[in-house]
Amino acid sequence: PSAAPAPSRDEVASLVVVARGGSALACTFAMNGAFGSGRMFPGSGLFLAAPPDGARDGRQSRTPVLMANRFTGDVLFAAAASGGTGASDAMVRITRTLLVDERPFATAFAAERADDPVRVNLAHCPRGIKRDPDACYGRADPRGTGLAVDSGS
């Protein structure tokens, strides 16, 4: 969309995948600069990531979260954040609102600043993905241009 916010200067993105069969992935990744190192892996068409610049201002912070039942391994929650120094803080606030305070998804994001470049993507399975897959939902941060899809199968 033309009104999409400018991308974070960190060139960081995140994704969350939860499969009906019980597998889950929460990942935050970066190229450490636009087009990474600017060099391609020979014959692959893939850009190589630039080495981290050693920044101590939190830009290198990665915040994936994966929660499962300790005894059954059933996935309950998966989330990942990107967007700079506030990513870890936003992840904690949103996770707490959803899981500890047991508030709805919209409430969890309502307290976040609309102009903040941080984005949090998540999947929540309150009773576990294996136990009750139909109760699970995935959400992309409503402040960004993310995508969340529920296959329903």
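Find out how many positive minus negative residues lie around Leu76, taking Lys and Arg as positive, Asp and Glu as negative, among other residues whose Cβ is under 12 Å from that of Leu76.
In short, +2.
Pulled fully out, how much extra length does the chain show between Arg113 and Cys27, if you take 0.36 nm times their separation in residues and subtract their Cα-Cα distance?
28.7 nm
Would you mind getting me the FRET efficiency between Ala34 and Tyr137? Use the beta-carbon distance for r and R0 = 30 Å, nearest 0.05.
Calculated transfer efficiency: 0.35.
Bear in mind these aren't lab numbers, they're just calculated from the coordinates by the rules spelled out. Remember, it's a predicted structure, so these values are computed and weren't measured experimentally. Cβ sites come from the backbone with ideal geometry, for glycine too, and all protein chains shown count toward neighbours.
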